[in-house]
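Note sheet for the following structure.
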Amino acid sequence: MGWIEDKAGEADQRYQELIRPLLQPDEPLLGVLQATQAKTFSSKLFVIGVTPERIVMVVVDRKIQAKEPPVTIRRGDIVKSSVDGFGGGMAHFLTTDLGEIRFDTAQESYKLMIIGGGMDQMLTGEGQLNGKGRFLEFIASARGIH
């Protein structure tokens with residue numbers, strides 16, 4: 001393995017270490033990923049864990065330490081969503097470097113940039129791509145999109 005793959009694997013391991021203690025006993029972790037939410041004068045970095053029944057989102061600092069309490073979102077909490085893969089839908093979004101996922105709950109609106117796929121795949125690794133796919137599946141199933 002090269003140093004890039006090592007760093008991607010190390011990041012995936014750190015994401016899992018952050019999310020696993022937040023899970024219920026015997027709750028499987030299907031995937032983890034990193035996402036960024038940009039606002040007008042700031043941005044938030046999230047580590048997201050995907051389970052069969054919920055996503056767990058944690059705002060983190062650059063050292064992957066939690067900055068805020070975790071947020072749990074279940075399928076029924078999602079009231080609106082869209083995936084912008086620049087016209088290609090979800091399949092295109094999985095393989096592109098660009099695009100965003102938007103979803104709303106009753107309390108919050110999220111607009112997340114998620115890398116993994118396309119040219120950036122060699123930097124982010126398989127863990128990020130798997131997490132991105134699991135996250136997209138969760139959002140799509142919450143809205144009844146198959």
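The values are calculated or read from the model by the stated rules, or taken from the named source; none is laboratory data. Just so you know, these numbers come straight off a predicted model, no measurement behind them. Positions of Cβ are backbone-derived with ideal geometry, glycine not excepted, and every protein chain shown enters the neighbour counts. Remember, those area values only see protein heavy atoms, side chains included, never the ligands or the DNA or RNA. Shrake-Rupley method; radii C 1.70, N 1.55, O 1.52, S 1.80 Å.
Here are a few things to note about the model shown:
- Considering only residues in the stretch 91-104 that are outside any helix (DSSP H, G or I) and either touching a Gly at 6+ places or on another chain (Cβ under 8 Å) or surrounded by fewer than 17 Cβ atoms within 10 Å (Cβ to Cβ) (or both), the one that is modelled with the highest pLDDT turns out to be D104.
- Some residue of the stretch 61-75 being in contact with a helix residue (DSSP H, G or I) (Cβ under 6 Å, 6 or more places away or on another chain) and not in a helix (DSSP H, G or I): yes
Residues checked against (1) loosely packed, with under 15 Cβ neighbours inside 10 Å; (2) modelled with pLDDT of 85 or more; (3) in a loop (DSSP other than H, G, I, E, B); (4) not aromatic (F, W, Y):
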{"residue": "A35", "(1), (2), (3), (4)": "no, yes, no, yes"}
{"residue": "L45", "(1), (2), (3), (4)": "no, yes, no, yes"}
{"residue": "M57", "(1), (2), (3), (4)": "no, yes, no, yes"}
{"residue": "S82", "(1), (2), (3), (4)": "yes, no, no, yes"}
{"residue": "Q107", "(1), (2), (3), (4)": "yes, yes, yes, yes"}
{"residue": "K111", "(1), (2), (3), (4)": "no, yes, no, yes"}
{"residue": "L129", "(1), (2), (3), (4)": "no, no, no, yes"}
{"residue": "K132", "(1), (2), (3), (4)": "no, yes, no, yes"}
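- Some residue of the stretch 20-31 being modelled with pLDDT under 90 and either in contact with a His (Cβ under 8 Å, 6 or more places away or on another chain) or open to solvent by 60 Å² or more (accessible area, probe 1.4 Å) (or both): no
- Of the residues making up the stretch 113-127, those that are at pLDDT below 50 and either small (G, A, S) or in a strand (DSSP E or B) (or both) are G117, G118.
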